[in-house]
Structure formats: structure tokens, C-alpha cells
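Chemist: Got a structure for you, questions after.
The values are calculated or read from the model by the stated rules, or taken from the named source; none is laboratory data. The model shown is predicted, which means the values in this text are computed figures rather than measured ones. Positions of Cβ are generated from backbone atoms using ideal geometry, with glycine treated the same way; all protein chains shown enter the neighbour counts. SASA here: full protein model, heavy atoms, side chains in, ligands and nucleic acids out. Shrake-Rupley method; radii C 1.70, N 1.55, O 1.52, S 1.80 Å.
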Amino acid sequence: MSAVEFRLARPEEKQRVLDFVNANFDWRLPLVNRPEWFRFYYESGDGLQFAVAEENGEWLAAAGYIRANRSPAPDIWVSVWVARKGHNGVGLELMDALPRLTGARVVACNNIRPKTMAFYRFLGWEADRVGHFFRLADRAEYRLAVPGPNAGRLPAAGDLALEPVHSVTRLQGMGMPPSSHTPVKDIWYMTRRYFDFDHYRYDVWCATERGKLLAYLVTRTAEVTLSDGSQVKVLRMVDFIGEDAVLARLGTALDRILAESGAEYLDCYCAGIPAETMAAAGLSQRQEGDGTVIPNYLDPPVQENTEYYYFTNRPEGFVLFRADGDQDRPNLPAD
């Protein structure tokens, strides 16, 4: 009687990974079938960032993951999880084996299906809704957002400024700020995710005090074309690396960036940072059913809310933002 083997995929098995995912997933995934995205998310040098469950030479499940840093045992985000029909249990065992196979202390996923949360809770992991926070620009009317009864602008306070980091050279010279958050990100990650990503232009900001780096904050300005041909801008806060107390001191700076961008609103999907900290930074929290609409899909614009869900095997110190894992990317066809 054979046992299922859980192992990392070998570099020469790339085509087998593609064939297995395409044969067993519900639809053709752009991340797997677009060569440039497969390279960006799942290849690192000669390495192939997939783990597989194998029995008698037959693959029963596969999981693709994305590294948060360049260390030999990086924290990871699971990006693709596929099991052969009738073998979901083996797929769950593969997920449970990922920390051992990769050496990762933190395993997480951004944007899971709500109905799968029970699977991860069965493993003893945390699975929950991602919070949605926003700040409306100071204007008389809104073309995209629909302010609910409790969507007023919170006071914008804070004594720290945000200065742009225009180049990788400056980023490398500054290093990384103190942060108790996980997954742990490094300069390699920041460079490839925000400076080398071909499809979006990001703005990286830094907060300093008396010459000491306290935090990085990353935004992206989206230009939205409405049905009448006019355009509206939206400011997306996609990442923050630093301590919670630093974010609470950035309200005035965020409000300035929002005003200077000309955007109708700033929004931020985030799990792990308390709502009180976000409120101190001037960001209101959208709750399900509270009457506020902060559109997420912008190309084309869809005037409705979007809920996201996540899991992590280590909730202590865990923080998730929009750009984590394989999220915050354009909706491109698979081929």
C-alpha cells in the first residue's frame, strides 16, 4: 500500500504543473497561463514555487505560492490551490504540509472563497473577512462612491509627513523599517513588487523622524472612465510596512496625498490592523450592509461593494493589504 508523498515541484516539472492546474481547476487561470505572470509569481532563479501531493507517480493536488522575502525560508502567500476530483482531503493535507516543505513560518492567502473558510479553520488556522477602509475627499458630490449615513470624514490628525521614494537606489539606501507585522517583507520584495511590476505604477512613500525610517506606505492612483466618458480618480492604499502606532500618526499626510491626487476617495483593504488605528489615520470602516458603497472594480466601474476573505496559519502579528499575494493586478485574459 503506497502513501501520498508531499514535496516541492522540481524546476523541470513546470509543464506538468501547467497541465495539472489546467486539467483540474474550474477555469483557465491567467496567473498560470500568461508566461510573464507565471515567471513573476512562481519562478525564482531555477526554483519553481509549487508544492505537490503525489501517489504512485500521479499528482493528486498542487499549490503555488508567492514569497514575501528572499530568505531561504520566507513567509509565503498561497496563490493557487488545486486538487484532483475526489481528493480535496489530500489537497488540505498538502496545505497543512506547506510550512514544513517551504520552511515558512507564516502561510497566508489573500482572496479565498468564503465557503472554503471552514477548511482552513479545520486546520486550526484563522480565516476571516478582510476589512475595507476609506476616506472620502472633501467635495460636495461623488460620482463613484455612495456615502452611507455614517460615512462622514473623520478628523485628519498626525504629526508625520510622507515623502516619496522615487528610486530603487534610495529604497536600498534606506533599508526596511521596524515592524512586528507578518509576513515579513524585505527590500527584494519591495523592489520587485512596486518598482518592477509592469502593469501598474505605484507610489512608494516613507515616514521618517529625526533621520530614522519609521514606515513605508504604498499607493496607486486609478483613473476611472465613467459611462458618459468623463474620468474620476481613485486613490488605493495597497501596503503599509511599519508599526501600528506610526500609521496612526499619518492622517494629515494621507489627507494631503488624497487632495493632491485629485481622487474622489482613498480606499484600503486591510486585515490585522485595528479599526481604531485606521480611524486615527482618518480612515472610516465600511461594514457590510451599512449603506456605504466604495466601489472596488473600476475597469469598467461597478458601483457595488466587494468582500474579500483570507486565511493565515499564524494570526499573531499578521497583517494583510490589497497588494499582498497575487492581488492588485489588472484583469487580463488567460491567453
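Chemist: Give the lysines reachable from Lys85 as a straight Cα distance under 18 Å; neighbours fewer than 8 places away on the same chain don't count.
Modeler: Within reach: Lys115.
Chemist: What order do Lys115, Lys212, Lys14, Lys85 take when sorted by accessible area (1.4 Å probe), most exposed first? All intermediate terms of the calculation are to be shown ahead of the outcome.
Modeler: Working: Lys115 155, Lys212 115, Lys14 65, Lys85 190 Å².
Most to least solvent-accessible, the answer reads Lys85, Lys115, Lys212, Lys14.
Chemist: Tell me what the chain gives for mean residue ellipticity at 222 nm when only DSSP H runs of n ≥ 4 count, each as -39,500 (n - 2.57), the sum divided by the residue total, rounded to 500 deg cm²/dmol.
Modeler: On the way: 10 runs with 76 residues, N = 335.
Per the formula, -6000 deg cm²/dmol.
Chemist: Between segment 243-261 and segment 130-175, what is the separation of their alpha carbon centroids in Å?
Modeler: Between the Cα centre of segment 243-261 and that of segment 130-175, the gap is 6 Å.
Chemist: Would you be so kind as to identify all helices of the chain, as entire DSSP H runs, whose Cα atoms reach 20 Å or more along the helix's own axis and whose mean Kyte-Doolittle hydropathy is at least 0.0?
Modeler: Working: long enough: 88-102 (21 Å, 0.33).
Both cut-offs are met by 88-102.
Chemist: With a 10 Å radius around each residue's Cβ, average the other Cβ atoms per peptide and rank 27-37, 312-322, 270-280, highest first.
Modeler: Details: 27-37: 15.5, 312-322: 20.0, 270-280: 18.2.
My ranking of the peptides, most packed first, is 312-322, 270-280, 27-37.
Chemist: Mark the label point 7 Å from the Cα of Ser261 along Cα→Cβ and return the residues of segment 172-197 whose backbone N is within less than 16 Å of it.
Modeler: 194, by backbone N distance to the label point.
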